[in-house]
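Below is one structure, written out as structure tokens, with a few remarks after it.
Please treat every number below as a calculation from the coordinates, not as lab data. Bear in mind the structure is a predicted one, so any value in this text is a computation, not a measurement. Cβ atoms come from the backbone with ideal geometry, glycine included; neighbour counts cover every protein chain shown.
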Amino acid sequence: MRDARGVGLLLLILAVASLTADAAKKDDWLPITDEERQFKEVPGDPGAPAVLLYRETYTDDVDNYEHYYYRIKILTEEGRKYGDVEVPFWKALFKVDDIKARTIRPDGTVVNFSGKVFEKVLVKHKSLKIQAKTFTLPEVDVGSIIEYQYTLKPSVFNTHWTIQHELFTRRARFFLRPYLEGSYNIQWVSYLARGRTPPVSGKDNAIQLELQNIPAFIKEEFMPPEKMLQERVAFYYTRDWDETPDAFWKREGKEWHEAVEEFIGKRKGIEQAVAQIVDPADPPETKLRKIYARVQQIRNLSYEEEKTEKEEKREKLKDNKNVEDVWKRGYGWRAEITRLFVALARAAGLEAASARISQRDEYFFMKDLLDWRQLNNEVAIVRVGNQERFFDPATPFCPFGMLRAWRTGVQGIRLDAQGGVFIKTPEPTPDQAVVSRRAELTLSEDGTLEGTVEMAFRGQEALDRRLGNMDEDEAGRRKELEDEVRGALPTGAEVALESASGWEGTEEPLVARFRITIPGLVLPTGRRLLVPLGIFHTTRGNPFELQTRRHAVYYDYPFQQEDEVTIQLPDGHRVETLPAPSRSNPRFGEFELVSENDGGRLRIRRRIRLNGYYFPVNQYLELRSFYSEVKAGDEQQAVLEVVEVGQR
């Protein structure tokens, strides 16, 4: 809920917080208290490697900078890793300045950081480049206190306070000086634990918050986006104090609609363009497929490497003013390409509209958070017959009629002149994300398996790999595929890619063929050999071994895996026994593993299908049980026996 302003009981506390915030802002070191010197153990977590004694965030939207201050005490040998500091930032939007750091030894002596600050890339993919300033504090031992501070200068407002940290936080203070010139007001939504004090406005409309004993944020594999789970406060600027969510989104929808329609217009060049793409006699579905395929050929600037200012000047790319510019110049940004698709569909006689939608890779849409940046993607909606269908033409390699996974099952606004209506994009389905493996293997008497494996990736699985390898050369793509197969096989397996096709496709699968050798997989026991049925899964356990879980289980999308393995048996061997088929069919998935004796060959068919992608904590035990059944099935073995010649 939106927090009320002016909580009088906190004014004295917040006055003190303001003084300390000003101190950190001026790059001063705050005094270390006796309590901090004597702190030995995190309450309720005696093995914690370190504790965040003090943390401060000072945000100034007037002068447009953020100042961060951290004070950490090292409690165990493991905790010494916190002496290696990383400050992540997106170079296109942020600049990191004024890094200061020091170590306070257990005896109280101070060692100031005077080393070099390095820069490294954390994530790089086309226009997205997340980097980090890195440095190592000196003489960090158990009992030391380390502290560092830095200034982050953003190019745009994106004000929010992340309250939780991976370490238990003894004290934290947050301060915001809002930009309130003109008609702007600032409001916020608090996502804090029950009983915590909400932020309040103080002197000069500064917003302040002081908290103590904040639990560490515990990460889990396959959890929803961190931003949705951590305690946080999200700020947004408004023009009207009393604006309701419905009124806000209606107003934003009108403005978006006006901008889209102005960019699309009704242009002669687009009518001429569509005549080059479709035949008037084509049925609607055929027209749309042809338009979609042609639009996907437009150069997509949103997926290109970040360019220097000199490179941009050399290339002389112009800003597109309308869809006709996009068509004639042959390039555009995501939203521009989507609008071109809508314009061409309309010119072909189809009913088409744009929609602004959210994306669920970093957060989930919250209607009561009146921040237009939540709806940061555009997709197209086209009526074909009696059905409205969603399209994602501005995502390279995205199949016709499919949205990239992060844009499925999310809320958005279908734009119109009245401000639009809220819609939800289609939910993803398992048949849109399929991995198939076909293996032809030969077993030798010493237990070595070797042969060929053909993998086919379809739908979201192919799209992920195509997008993830857009900027990789052939060697990089080879390594990516070989590592993936090697990771599914027992340690020591040899994998070599023989061929790969479909990297530039959309509808067709991405197909890769490998040569593999797995030494010692089949275990001899006297006159018998034990062959595991889960060839590609023998090294994978249940991903949910723990009895309890804090967070929901969250995948990018539902999926389906299909394996068909044929093993040619060595001379003098035959199948003695096979386990009974394994089958599991809970409400959210299916698993089947069947083995067959085919003369001198062993055939194995395996199929797993997960129908959902979000499983709340109250479904965890059922999901865990399902994966336990999968693991048990994969660990089953076929028994081969040695026979005399003529007995087979």
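Would you mind working out the magnitude of the charge dipole of the chain relative to its Cα centre, with +1 at each Lys and Arg C-beta and -1 at each Asp and Glu C-beta, to the nearest 20 Debye? The partial results should precede the final answer.
Working: 95 positive and 105 negative charges, 219 e Å.
That gives a dipole near 1060 debye.
Among the listed pairs K268/K316; K116/K153; K133/K227; K227/K318; K133/K219; K120/K328, a Cα-Cα separation exceeding 30 Å is found for K227/K318; K120/K328.
Would you please give the FRET efficiency between T286 and W29, computed as 1/(1 + (r/R0)^6) with r the Cβ-Cβ distance and R0 = 56 Å, to the nearest 0.05? Could you put the intermediate results ahead of the total?
Working: r = 70 Å, r/R0 = 1.24.
Working from the Cβ atoms, E equals 0.20.
Considering only V642, N618, S628, and ranking their Cα positions along the charge dipole of the range 584-648 that arises from unit charges at the beta-carbon of Lys, Arg, Asp and Glu, the one farthest toward the positive end is N618.
What aspartates and glutamates could a cross-link reach from K100, if we take a straight Cα to Cα line under 15 Å and drop same-chain neighbours fewer than 8 places away? K100 reaches D27, D28, E56, E66, D84, E86, E147.
The Cα atoms of the chain cover 95, 76, 49 Å along the three principal axes, with the biggest extent listed first. Fully extending the segment from L530 to E226, taken as 0.36 nm per residue of separation minus the present Cα-Cα distance, adds 105.1 nm.
Summing +1 for each Lys or Arg and -1 for each Asp or Glu among the other residues whose beta-carbon sits under 9 angstrom from that of D563 gives +3.
Relative contact order (percent) for the chain, with alpha-carbon contacts under 8 angstrom and 6 or more residues of separation?
Values: 1331 pairs, mean separation 62.5, N = 648.
For the chain, the relative contact order is 10 percent.
Of the GluC sites (Glu not before Pro) in the range 461-501, the ones in a loop by DSSP (not H, G, I, E or B) with at most 14 other beta carbons within 10 Å are E472.
Could you point to the residue in I277, P199, A259 farthest towards the positive end of the chain's charge dipole, with +1 and -1 charges on the Cβ of Lys/Arg and Asp/Glu respectively? Of the candidates, A259 comes out farthest on the positive side. Globularity index of the range 331-418 is 1.08 (Cα radius of gyration / 2.2 N^0.38 Å, N = number of residues).
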